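Each remark here refers to the structure printed beneath this line.
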Amino acid sequence: MKLETALCLASAIVLSASLQAKKKTTAYLFTYFTGNAPEQEQICYAISEDGWNYTPLNNGKPIIDSKEIALTGCVRDPHILRGKKGWFYQVVTDMKSSLGWSSNRGMVLMRSKDLVHWQHHTVHFPTRFKGTMFEHVTRVWAPQTIYDDQTGKYIVYFSILTDDGSCPYDRVYWAYANKDFSDLEGEPQLLFDMKNASIDTDIVKDDEGLFHIFFKTEGSRQKGIKQFIAKDFYNGNTWELQPGWCQDTNKQVEGSGVFRLHDGTWVLMYDCYTSGHYQFCESKDLKKFTRVKDTATSGAFTPRHGTVIAITAKEEARLKKAFPND
């Protein structure tokens, strides 16, 4: 009886700790860029209390100067991740679009302990991977990061295109980040090939340990967000392509991003880039998505391709202090 009581008490403590952990996050941080001009290809922040409605920080101005972190002096497509041991990670496309859509050659890796001050390192593919196919990249688009429990490493994934025929349309590749998130380990490996251009990949893991791999079909006649569900990230034989499209609209979309609300609801958001707004959908199972709202974009808040994480009240207060609005 005493053993059973002890086990029940231990289970209750674990459950209580789990619930408390979920309650620690009270708001949401949206990181994004705002447009195709160099002064708009910068990282901006916005805060939300409910995950649907956002207010920009710093009066909508950048939270860091792209000229300080990127070889091109401009960045796009910021992806943010809450990592292990108190670290936050961002990866961004190192690109100035005014030079052309096939003008970027790498990415910027960033990490921070407080979401305010960021360490940053560039990965210039022609130099870093000289002598390989990656020396010939003409674009390295929309890098993102996910933690791999099996190896204890962070996986960075991205789409590439080359001018030597080795990658004639956008394909998605991946590589491990090194220990201090300053470089990629080894030569990137192919993640998947749809036999047509695919970009803007976003990967989340559900409560059952399944990977949900969202991406945009760019080269086919039908453009939109598709999804694989996979048991094993490294084994393409376990990947199942889901029927239909994830977005709940007939508008042109890109930059899918998936995050979770405090109540467990999944949110799929994407950039309706030809319509001037973001669209948010909800899902209980990460399979069927229902549109909730379009985010009004006007004045200081005109987000493009970004991502969202949940943050604590302490983190929210720190961000508002560091990047106040008038």
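The values are calculated or read from the model by the stated rules, or taken from the named source; none is laboratory data. A quick note: this is a predicted structure, and the numbers were derived from the prediction, not measured. Neighbour counts run over all protein chains shown; Cβ positions are idealised from the backbone, glycine included.
Within segment 213-230, restricting attention to residues that are basic (Lys, Arg) and modelled with pLDDT under 95, which residue is surrounded by the most Cβ atoms within 10 Å (Cβ to Cβ)? Here the answer is Lys223.
Table: residues versus (1) among the charged types (D, E, K, R); (2) within 19 Å of the chain's Cα centre (by Cα).
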{"position": "Lys231", "(1), (2)": "yes, no"}
{"position": "Asn235", "(1), (2)": "no, no"}
{"position": "Gln242", "(1), (2)": "no, no"}
{"position": "Asp248", "(1), (2)": "yes, no"}
{"position": "Val253", "(1), (2)": "no, yes"}
{"position": "Ser256", "(1), (2)": "no, yes"}
{"position": "His262", "(1), (2)": "no, yes"}
{"position": "Thr265", "(1), (2)": "no, yes"}
{"position": "His277", "(1), (2)": "no, yes"}
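Listed by position, the strands (runs of 3 or more DSSP E) enclosed by segment 102-205 that each have at least 1 residues that are within 22 Å of Lys231 (Cβ to Cβ) and touching a strand residue (DSSP E or B) at 6+ places or on another chain (Cβ under 6 Å) are 137-148, 153-162, 171-177, 184-192, 198-205.
Before we move on, is Phe125 more than 20 Å from Gly257 (Cβ to Cβ) and either modelled with pLDDT of 95 or more or within 13 Å of the chain's Cα centre (by Cα) (or both)? Yes; evaluated as a whole, the condition is true for this residue.
Residues being touching a Pro at 6+ places or on another chain (Cβ under 9 Å), modelled with pLDDT of 95 or more and over 24 Å from Leu241 (Cβ atoms): count how many of those fall in segment 279-305. Matching residues across segment 279-305 total 1. Taking segment 301-326 as the search range and keeping residues that are crowded, with 16+ Cβ neighbours inside 10 Å and small (Gly, Ala, Ser), which one is farthest from Glu49 (Cα to Cα)? Residue satisfying both the conditions and the ranking: Gly306. Which of the residues spanning segment 267-319 are hydrophobic (A, V, I, L, M, F, W, C), out of contact with any Lys or Arg (no Cβ under 6 Å at 6 or more places or on another chain) and touching a residue at least 40 places away in the same chain (Cβ under 8 Å)? Once the filter is applied, which keeps residues that are hydrophobic (A, V, I, L, M, F, W, C), out of contact with any Lys or Arg (no Cβ under 6 Å at 6 or more places or on another chain) and touching a residue at least 40 places away in the same chain (Cβ under 8 Å), segment 267-319 yields Val267, Leu268, Leu286, Phe289, Val292, Ala300, Phe301, Val308, Ala310, Ile311, Ala313, Leu319. Within segment 267-300, if we keep just the residues that are in a strand (DSSP E or B) and of a type in the set (A, V, I, L, M), the residue that is surrounded by the most Cβ atoms within 10 Å (Cβ to Cβ) turns out to be Leu268.
Number of residues in segment 53-98 that are assigned to a helix (DSSP H, G or I) and touching a Pro at 6+ places or on another chain (Cβ under 7 Å): the value is 1.
Taken over segment 25-46, the residue count meeting the criterion of being at pLDDT 95 or above, part of a strand (DSSP E or B) and of a type in the set (Val, Ile, Thr) is 3.
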